[in-house]
Amino acid sequence: VASAAYGSDHVTALDILRNIKSVNGFVVGVILKPFRFEGQKRQYEVNDLEDKFQKLANLCIVVDTDTLLENDLVTLDEALKTYNNAVLMAVNAISVLISEKHIKLLNETHKDNKELKLLEFRKIIDRFKEARIGFGAAYNIRSSILQAIYDCPFLGVNLKDTNGVILCIFASSGVVDCSNVNILLHNFRLTTQCQGKIIISIVHEPNLEPDIILTTVIAFG
């Protein structure tokens, strides 16, 4: 964890990341943009740390927290809860990214699904230095996807026209049959009108409420 405070307190963390990168390690980080009301000094501190971090990281997931307050109906307390949820979802997504335990399937329009080994997956996302995240939860696939794409303010991209790669993680407390992958992909493409490359991963989360489907979308590029 690298603090956003300016000075030597984040030097150790950056040194650790530098050492990991030097031995061909994979460095993924979450950058939390500050709220505007935190002031220019805070903005400068975070931007300075972000510049240093991006030179070391293979990938940065950016969370623009200020977008939470663009909705006049959202209170600061609600914004902070969503902010914290974004951190948790990003950390969970990173664990899926770097884990060999979770199967990742690459889907391209008019092509069969291809299972990606971890090295293949890394090569794909190594082309992108930055990513955005969206997340949603509902009792059916379509509603969960809609929440992740449109209700979550952090994604900020039109998936229909994206030239990047989309990672979609579906989590539920039930064991999902892998034969359902094509149904999930069909629903995702139908809902988002995305025509590009999609990487899908299905995760078993026993602690989730029964019948809830948790969708995490990461847009690379």
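The values are calculated or read from the model by the stated rules, or taken from the named source; none is laboratory data. Everything numeric in this text was worked out from a predicted model, so none of it was measured. Every residue, glycine as well, gets a Cβ built from its backbone with ideal geometry; the counts of neighbours run over all protein chains shown.
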Residue among N92, N113 that is farther than 22 Å from A57 by Cβ and in contact (Cβ under 8 Å) with a residue 12 or more places away in the chain: N113
Pick from the stretch 153-164, criterion of a type outside the set (F, W, Y) and buried (at least 20 other Cβ atoms within 10 Å of the Cβ), ranking: farthest from I212 (Cα to Cα): L159
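Residue check: is S173 small (G, A, S), within 29 Å of L80 (Cα to Cα), over 17 Å from the mean Cα position of the chain (by Cα) and at pLDDT below 90?
Numbers: small (G, A, S): yes; within 29 Å of L80 (Cα to Cα): yes; over 17 Å from the mean Cα position of the chain (by Cα): yes; at pLDDT below 90: yes.
Against the criterion (small (G, A, S), within 29 Å of L80 (Cα to Cα), over 17 Å from the mean Cα position of the chain (by Cα) and at pLDDT below 90), S173 qualifies.
Here's the yes/no breakdown for (1) in contact with a strand residue (DSSP E or B) (Cβ under 6 Å, 6 or more places away or on another chain); (2) within 30 Å of K160 (Cβ to Cβ); (3) outside any helix (DSSP H, G or I):
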| residue | (1), (2), (3) |
| --- | --- |
| Q54 | yes, yes, no |
| L69 | no, yes, no |
| E78 | no, yes, no |
| L105 | yes, yes, yes |
| K111 | no, yes, yes |
Selection count where residues are surrounded by 12 or more Cβ atoms within 10 Å (Cβ to Cβ) and more than 19 Å from the chain's Cα centre (by Cα), scope the stretch 32-43: 5
Restricting the stretch 56-67 to residues that are in a strand (DSSP E or B) and out of contact with any Asp or Glu (no Cβ under 7 Å at 6 or more places or on another chain), the residue that is farthest from V157 (Cα to Cα): L59
Odd one out for C60, checked against (1) crowded, with 18+ Cβ neighbours inside 10 Å; (2) of a type outside the set (G, A, S); (3) assigned by TED's automatic domain parsing to the domain that holds D151: (3)
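How many of the residues in the stretch 176-188 are modelled with pLDDT of 80 or more, aliphatic (A, V, I, L, M) and either in a strand (DSSP E or B) or closer than 23 Å to I94 by Cβ (or both)? Explain how you work it out, then say what you get.
Step one: filter the stretch 176-188 for residues modelled with pLDDT of 80 or more, giving 181-188.
From the residues that got through so far, the ones that are aliphatic (A, V, I, L, M) too are 181, 183-185.
Restricting the remaining residues to those that are either in a strand (DSSP E or B) or closer than 23 Å to I94 by Cβ (or both) gives 181, 184-185.
Residues that pass the stated criteria total 3.
For the stretch 21-31, check the following and say yes or no: at least one residue is surrounded by 15 or more Cβ atoms within 10 Å (Cβ to Cβ), of a type outside the set (V, I, T) and assigned to a helix (DSSP H, G or I). Write out each step before concluding.
Pass one, the stretch 21-31, residues surrounded by 15 or more Cβ atoms within 10 Å (Cβ to Cβ): 21, 26-31.
Next, from what is left, pick out any that are of a type outside the set (V, I, T): 21, 26, 29.
Next cut, assigned to a helix (DSSP H, G or I) only: 21.
Checked the stretch 21-31: at least one residue is surrounded by 15 or more Cβ atoms within 10 Å (Cβ to Cβ), of a type outside the set (V, I, T) and assigned to a helix (DSSP H, G or I).
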